[in-house]
Amino acid sequence: MSMQVLTDHSKICCPTPLECTEDYYIYESGTIWKSYIPVKGTFIFYGDFNSATVTIRFSLFNGKVVTRILQLGQSFAFTGDNIKEIEALVADGPADLYFELCTQTLTGINCKQKNLCCPDSLQCTFFPLYSNIPINEDFLLWQSTVPVTGSFEIIPLQIFSQEFETNVIIKRFNQPDLVETITSTTVFRSEDMKALLVNISNLEEPAALYVSACLRDQIDEKTK
C-alpha cells in the first residue's frame, strides 16, 4: 500500500517502495508473518481450495488485534498500518490457504524531502475469487484500519447461467455507507473507505465473486 507520513511541519514525504512477496501456502497453525518495525501493507488470503476453518489474527504495535474467521473456501483481504504480526490458526487441518502481501516501512517523521510534490503510489491487485459467500448475510470481503481512496471492480460469477443480485456495501470513515445493487460487472470508486461487504439474497446456494482493486492512502487536501 502507499504510505505518506506528515512531518512536524505538515510536509509530505515520498512513500517508500512497495515490497511484494511471492505467494505461498498456509497449511498449519502458526505465525505466518512478523515485523520488528512498524509496517503498512495489504495482505490477501485466497481460500478457493481451502478445506479447513482458519482464524486470521492481525496484531498491531498499538496493541489492537483484528480477527477474521474464514470458513471452507472463503477469502479475505486486509489493509492496515503498524502491523506487527499475523497468525493463522487452523481448526481442523491441514489448511490450503494461499497468502500474498505488499508492504512498506512507515516513513520517519524527520524525513527530509526537497521535492514535496511526490506522485501518489498506487497499488492495483487482483483480489481472490470469493467463493462460499453465505446467502442473506453482510459478508466482509476487504477491511482497512486506515482511510483508503480507490476503486473496486465487482464481477459476479454466474452459476449455471443463473443471474443473481448483489448488494454492494462500502463502509467509510466519518461518511455514510454506499449501498448499490448490481447484476453484472460494476466498478465502484470512493474515498475514506474502510470496508467492502456484499449481501446476496436471491440464491439458494452460496455464491461466488471476483474482485479487483486499485487502492492508495487517503491524503487530506489541506496538506497537499
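Screening the range 54-64 for residues that are outside any loop (DSSP other than H, G, I, E, B) and not aromatic (Phe, Trp, Tyr) and picking the one that is surrounded by the most Cβ atoms within 10 Å (Cβ to Cβ) gives Val54. Would you mind stating whether Leu141 is modelled with pLDDT of 90 or more and open to solvent by less than 60 Å² (accessible area, probe 1.4 Å)? Against the criterion (modelled with pLDDT of 90 or more and open to solvent by less than 60 Å² (accessible area, probe 1.4 Å)), Leu141 qualifies. Test Asp220 against the criterion of being at pLDDT 85 or above, farther than 19 Å from Asp48 by Cα and open to solvent by 70 Å² or more (accessible area, probe 1.4 Å), and give yes or no. No. Residues that are modelled with pLDDT of 90 or more, touching a Leu at 6+ places or on another chain (Cβ under 8 Å) and open to solvent by 50 Å² or more (accessible area, probe 1.4 Å) occur at least once in the range 170-187. Looking only at the range 35-53, residues that are surrounded by fewer than 21 Cβ atoms within 10 Å (Cβ to Cβ), modelled with pLDDT of 90 or more and closer than 12 Å to Thr103 by Cα come to 1 in all.
Going by the structure shown, is Val148 at pLDDT 95 or above and either among the small types (Gly, Ala, Ser) or open to solvent by less than 60 Å² (accessible area, probe 1.4 Å) (or both)? Criteria not met by Val148. Report yes if some residue within the range 111-126 is in a strand (DSSP E or B), at pLDDT below 85 and hydroxyl-bearing (Ser, Thr, Tyr); otherwise report no. Checked the range 111-126: at least one residue is in a strand (DSSP E or B), at pLDDT below 85 and hydroxyl-bearing (Ser, Thr, Tyr).
Taking residues in the range 133-146 that are at positive phi, and partners anywhere that are surrounded by fewer than 20 Cβ atoms within 10 Å (Cβ to Cβ), the pairs with Cβ atoms closer than 8 Å and at least 6 places apart or on different chains are Asn136/Asn199; Asn136/Ser201.
Among residues of the range 175-191 that are farther than 21 Å from Arg216 by Cα and touching a residue at least 24 places away in the same chain (Cβ under 8 Å), those with a Cβ under 6 angstrom from a residue that is part of a loop (DSSP other than H, G, I, E, B) and not aromatic (Phe, Trp, Tyr), sequence gap 6+ or separate chain, pair up as Thr183/Glu163; Thr183/Glu165. Among the conditions (1) at negative phi; (2) touching a Ser or Thr at 6+ places or on another chain (Cβ under 7 Å), the only one that Ile26 does not satisfy is (2).
The set of residues in the range 65-91 being open to solvent by less than 10 Å² (accessible area, probe 1.4 Å), assigned to a strand (DSSP E or B) and of a type outside the set (A, V, I, L, M) consists of Phe76, Phe78, Thr79, Gly80. One residue stands out among those in the range 199-217 that are of a type in the set (Gly, Ala, Ser) and at pLDDT 85 or above: the one that is surrounded by the fewest Cβ atoms within 10 Å (Cβ to Cβ), which is Ser212.
The values are calculated or read from the model by the stated rules, or taken from the named source; none is laboratory data. Please read these numbers as outputs of a predicted model, since none were measured by experiment. With ideal geometry, Cβ positions are generated from the backbone for all residues, glycine too; neighbour counts draw on all protein chains shown. We work out accessible area using only protein heavy atoms, side chains counted, and drop any ligands, DNA or RNA first. Shrake-Rupley method; radii C 1.70, N 1.55, O 1.52, S 1.80 Å.
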